[in-house]
Each structure stands twice: as C-alpha cells, then as structure tokens.
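Q: Below is one structure. I have some questions about it.
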Amino acid sequence: MRARVLKVSNAFDHARAALRKARSVAVLTGAGVSAESGIPTFRSTGGYWRNFRFEDLATPEGFARDPKLVWEFYEARRRDMSLAKPNAGHQALVEIERRVETFTLITQNIDGLHTLAGSKNVICLHGDIWKIRCIRCSYSRTDREPLADLPPYCKCGAMLRPAVVWFGEQLPEGAIEAATRAVLAADVFIVAGTSAQVYPAAGLIPLAVRQGAKVIEINPEATDFSEDVSWSLRGPSAEILPSLL
Ligand code: BV8
Ligand code: ZN
C-alpha cells in the first residue's frame with residue numbers, strides 16, 4: 001500500500017490559509033514595516049540620535065528642557081520620512097483590507113505611510129509626525145514642508161510641538177479602546193515589524209492570543225511573544241506580507 005504522502009505544510013501555508021479564511025482581520029505594525037522604505041527603526045539606531053537617548057527626546061520633559069533640540073530631532077526625521085515611499089508590505093495590507101469583511105490597521109508608526117499606501121481604517125496609536133499643534137491653544141495643522149525656524153511658534157505666541165505621543169503621555173482619546181475592540185473581534189491578528197516593547201500597544205498581542213485569534217507575527221527577529229503566537233514568520237515584512245496574499 002502506498003504510504004499516505006503527508007503534505008508537510010509549514011507555518012507559512014497555515015498562516016496564509018488562516019488569513020484567506022478570515023472574515024475579521026486586525027493588524028499591529030511597528031517601525032520594521034517602514035524599514036524597507038528606508039526609515040531606520042528605533043532599535044537599528046540603538047535608540048540614539050546624535051548621542052541622545054530616544055527616551056530623552058521623545059518625552060515632555062525632554063521637550064521642556066530643550067525644545068530646539070527635540071525639534072531638530074523631529075525635523076531630521078520629517079526630512080527622512082518625506083523621501084520615503086510605501087513598500088510592498090504597506091501595499092499588501094491595503095490588498096488584505098480590500099479582501100476581508102472587517103479590517104483594522106493599528107500602527108505605532110508616525111510616518112503616515114499606511115495612509116499614503118491607501119489603507120483606510122487606520123488607528124495611529126502614537127500620533128502623526130506631519131501634524132503639529134500648539135502647546136497652549138487648540139491650533140494644529142498638517143505641515144509636510146521643511147520647518148525653517150525651530151521651534152516653530154503659534155499665532156497665540158506659544159510654541160508648537162509635534163502631534164505625536166511621547167513616553168509618559170496618554171494615547172489619543174479613544175485610540176487604544178478602538179484598537180482593543182478590533183483585536184477582540186479579530187479571527188486573525190497580524191503583528192508586523194515591532195519589537196513589542198512599548199505599551200499599551202504591545203499589550204494587544206497577548207490580548208489577541210487570549211481571545212483565541214490566530215496570531216501571525218512577521219519579524220526577522222524573535223520577540224517576547226514569538227513563543228505565544230500561532231505562527232512566527234521570520235523575515236522582512238515587505239517580502240512576507242505580499243506572499244501571504
Ligand atoms: C502611556 C511616538 C499611560 C514618538 C512612541 C514609566 C513612566 C511612564 C510610562 C511608562 C513607564 N514605564 C512604562 C511606561 C509605558 C511606556 C512604555 O511602554 N515604555 C517602554 C519603553 C517600556 N508607554 C508610554 O509611555 C505610552 N503612554 O503608557 O500612557 C501612562 C502615562 C503616564 C504614566 C504611565 C502610563 C506612550 C508610548 C508612546 C511613545 N511614543 N512613538 C516618536 O516616534 O517620536 S514609541 C516609538 O517607539 C514608536 O512609536 C514605537 O512604538 C516604539 C518603537 O517600537 P517599534 O515600532 O517596535 O520599533 P523598534 O525599532 O523597537 O522595533 C522594530 C522591529 O522591527 C524589531 O523587532 C525588528 O526586528 C523589526 N524589523 C526590522 N526590520 C524589519 C522588521 N520587521 C519586519 N520587516 C523588516 N524589514
Ligand atoms: Zn496657540
């Protein structure tokens with residue numbers, strides 16, 4: 001009798017099959033998804049910029065201490081990001097959103113590349129580097145142009161700041177609640193390009209595992225959650241995401 005030939009499906013095939021069957025998909029992305037668009041991740045810079053620790057620049061205390069330095073940090077990143085184009089990973093997420101009934105893209109990135117790629121239902125947990133707002137009045141604007149004078153000032157006389165969420169600051173009103181609802185309702189939760197070290201964003205991963213979603217992690221390196229997810233696919237998201245379609 002011929003031995004039954006078992007089709008040895010690897011994690012990849014299982015992940016792709018689960019995604020194809022999914023009706024509700026939620027995604028969490030981090031800086032790694034923009035790496036192939038030429039934007040360095042925080043970890044790849046060792047968390048430093050001009051010998052300053054990222055945690056000392058992306059905080060209200062850092063801004064209060066030296067607003068010009070913090071603005072130089074953000075304006076340098078704005079210039080880098082203004083040259084970046086969405087990559088095949090961003091595009092694949094647009095295609096998944098087109099195919100499934102319910103789709104929510106939760107991003108930690110502030111570069112705006114998901115929206116530029118055409119993703120519709122995007123929750124920006126950590127704000128938007130293209131938006132600047134007054135520290136005193138309600139003035140804000142979207143501004144992609146180079147900022148000549150740093151720090152920029154509001155008409156009311158107060159300083160303007162990047163409309164991003166710094167360490168120790170609350171996330172935008174309703175953002176983590178909407179993200180939580182999407183994760184709780186997901187059949188499949190994709191986690192791509194994040195070291196999963198920043199909370200409350202990283203807390204969405206164990207939440208997805210606990211609620212019974214199929215969790216697909218995409219990252220060249222392991223993270224604290226690699227053992228807990230359904231499939232941990234090692235590699236760059238600009239290659240892996242398109243091949244899951
Ligand atoms: C909050 C915007 C409630 C700014 C960012 C003590 C006091 C106060 C708070 C805390 C505290 N202890 C802990 C906290 C909570 C804190 C926190 O989590 N700290 C960490 C460091 C432990 N969180 C907060 O403060 C949050 N607010 O909790 O409010 C509160 C308030 C007061 C007091 C208590 C609680 C706000 C956090 C938001 C901070 N802002 N960004 C800016 O960008 O300038 S976080 C910033 O860093 C990013 O947004 C991102 O979230 C994070 C970096 O993470 P990743 O995106 O994962 O990037 P990383 O480089 O780390 O990893 C890249 C990954 O990609 C790697 O795994 C790599 O292997 C992979 N990769 C590389 N290439 C590829 C790839 N993957 C795929 N394809 C590739 N090609
Ligand atoms: Zn103002």
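The values are calculated or read from the model by the stated rules, or taken from the named source; none is laboratory data. A quick note: this is a predicted structure, and the numbers were derived from the prediction, not measured. No Cβ is skipped: glycine too gets one built from the backbone with ideal geometry, and neighbour counts run over all protein chains shown. Surface areas here come from the heavy atoms of the whole protein model, side chains and all, with no ligands, DNA or RNA. Shrake-Rupley method; radii C 1.70, N 1.55, O 1.52, S 1.80 Å.
Q: When the residues of region 118-168 are filtered to those that are within 15 Å of ligand 1 (Cβ to nearest atom) and of a type in the set (Gly, Ala, Ser), which remaining residue is farthest from Met81 (Cα to Cα)?
A: Keep residues of region 118-168 that are within 15 Å of ligand 1 (Cβ to nearest atom), which gives 122-133, 161-168.
Those still in the list that are of a type in the set (Gly, Ala, Ser) too: 127, 163, 168.
Working: Gly127: 15, Ala163: 15, Gly168: 24 Å.
Going through the qualifying residues, I end up with Gly168.
Q: Can you tell me which residue is surrounded by the most Cβ atoms within 10 Å (Cβ to Cβ) among those in region 11-40 that are within 9 Å of ligand 1 (Cβ to nearest atom) and outside any loop (DSSP other than H, G, I, E, B)? Even if it seems obvious, please write down each step before you answer.
A: As a first pass, look at region 11-40 and keep what is within 9 Å of ligand 1 (Cβ to nearest atom): 29-36, 40.
Then drop every residue that is not outside any loop (DSSP other than H, G, I, E, B), which leaves 29, 31-36.
On the way: Thr29: 29, Ala31: 21, Gly32: 25, Val33: 32, Ser34: 28, Ala35: 20, Glu36: 18.
Step by step, filter region 11-40, then rank; the result is Val33.
Q: With (1) of a type outside the set (A, V, I, L, M, F, W, C); (2) in contact (Cβ under 8 Å) with a residue 40 or more places away in the chain; (3) surrounded by 16 or more Cβ atoms within 10 Å (Cβ to Cβ); (4) within 18 Å of Ala92 (Cβ to Cβ) as the list, and Ser243 as the residue in question, which single condition is left unmet?
A: Of (1) of a type outside the set (A, V, I, L, M, F, W, C); (2) in contact (Cβ under 8 Å) with a residue 40 or more places away in the chain; (3) surrounded by 16 or more Cβ atoms within 10 Å (Cβ to Cβ); (4) within 18 Å of Ala92 (Cβ to Cβ), only one is false for Ser243: (3).
Q: Hey, another quick one. From the list Arg2, Arg43, which one is modelled with pLDDT under 95, under 17 Å from Ile218 (Cα atoms) and open to solvent by 80 Å² or more (accessible area, probe 1.4 Å)? Write out each step before concluding.
A: Working: Arg2 fails: under 17 Å from Ile218 (Cα atoms).
None of the others qualify; the one that does is Arg43.
Q: Hand me the list of strands (runs of 3 or more DSSP E) wholly inside region 149-224 holding 3 or more residues that are within 14 Å of the chain's Cα centre (by Cα).
A: Numbers: elements: 160-164, 188-192, 214-218.
Where strands (runs of 3 or more DSSP E) fall fully within region 149-224 and carry at least 3 residues being within 14 Å of the chain's Cα centre (by Cα), they are 188-192.
Q: Confirm whether Trp71 is open to solvent by 20 Å² or more (accessible area, probe 1.4 Å) and under 24 Å from Glu169 (Cβ atoms).
A: Details: open to solvent by 20 Å² or more (accessible area, probe 1.4 Å): no; under 24 Å from Glu169 (Cβ atoms): yes.
It is false that Trp71 is open to solvent by 20 Å² or more (accessible area, probe 1.4 Å) and under 24 Å from Glu169 (Cβ atoms).
Q: I've got another one for you. Pull out all pairs, ordered by first then second residue, where Cβ-Cβ is under 6 Å, the residues are six or more apart or on different chains, the first lies in region 68-95 and is over 17 Å from Thr107 (Cα atoms), and the second is open to solvent by less than 10 Å² (accessible area, probe 1.4 Å).
A: As it stands, the answer is Val70/Leu57; Val70/Gly62; Phe73/Leu57; Tyr74/Pro162; Arg78/Ile129, since those pairs meet every condition given.
Q: Scan region 155-172 and give yes if some residue there is open to solvent by 60 Å² or more (accessible area, probe 1.4 Å), touching a residue at least 12 places away in the same chain (Cβ under 8 Å) and within 16 Å of ligand 2 (Cβ to nearest atom), otherwise no.
A: Initially, region 155-172 is screened for residues open to solvent by 60 Å² or more (accessible area, probe 1.4 Å), giving 155, 167-168, 170.
Okay, now just the ones that are also touching a residue at least 12 places away in the same chain (Cβ under 8 Å), so 155, 167-168.
Okay, now just the ones that are also within 16 Å of ligand 2 (Cβ to nearest atom), so 155.
Within region 155-172 (the criterion being open to solvent by 60 Å² or more (accessible area, probe 1.4 Å), touching a residue at least 12 places away in the same chain (Cβ under 8 Å) and within 16 Å of ligand 2 (Cβ to nearest atom)), the answer is yes, since at least one residue qualifies.
Q: Is there any pair with a first residue in region 213-227 that is in contact (Cβ under 8 Å) with a residue 24 or more places away in the chain and among the acidic types (Asp, Glu) and a second that is open to solvent by less than 30 Å² (accessible area, probe 1.4 Å) and part of a loop (DSSP other than H, G, I, E, B) whose Cβ atoms are under 8 Å apart and which are 6 or more apart or on different chains, and what are they?
A: These pairs meet every condition: Glu217/Thr223; Glu217/Phe225; Glu217/Ser226; Glu217/Val229; Asp224/Ala196.
Q: Under 7 Å between Cβ atoms, at least 6 apart or on separate chains: pull out the pairs that start in region 178-204 with a residue that is in contact (Cβ under 8 Å) with a residue 40 or more places away in the chain and end on any residue that is of a type in the set (Lys, Arg) and within 16 Å of ligand 1 (Cβ to nearest atom).
A: Within 7 Å, the pairs are Ser195/Arg43.
Q: Just give me the residues in region 20-67 being closer than 30 Å to Glu101 by Cα, of a type outside the set (A, V, I, L, M, F, W, C) and touching a residue at least 12 places away in the same chain (Cβ under 8 Å), in sequence order. Talk me through it step by step, then tell me what you get.
A: Kept after step one, since they are closer than 30 Å to Glu101 by Cα, are these residues of region 20-67: 20-37.
Add one more test, that the residue is of a type outside the set (A, V, I, L, M, F, W, C), and what stays is 20-21, 23-24, 29-30, 32, 34, 36-37.
Correct list: Lys21, Arg23, Ser24, Thr29, Gly30, Gly32, Ser34, Glu36, Ser37.
Q: Within region 231-240, can you find the residues that are assigned to a loop (DSSP other than H, G, I, E, B) and open to solvent by 50 Å² or more (accessible area, probe 1.4 Å)? Before you say what the answer is, go through the steps one by one.
A: Just the residues of region 231-240 that are assigned to a loop (DSSP other than H, G, I, E, B), to begin with: 234-236.
Listed by number, the list holds a single entry, Arg234.
Q: Only one residue in Arg136, Arg144 is open to solvent by 40 Å² or more (accessible area, probe 1.4 Å), within 14 Å of ligand 2 (Cβ to nearest atom) and in a loop (DSSP other than H, G, I, E, B), so which one is that? Working first, answer last.
A: Working: Arg144 fails: within 14 Å of ligand 2 (Cβ to nearest atom).
Every option except Arg136 fails the conditions.
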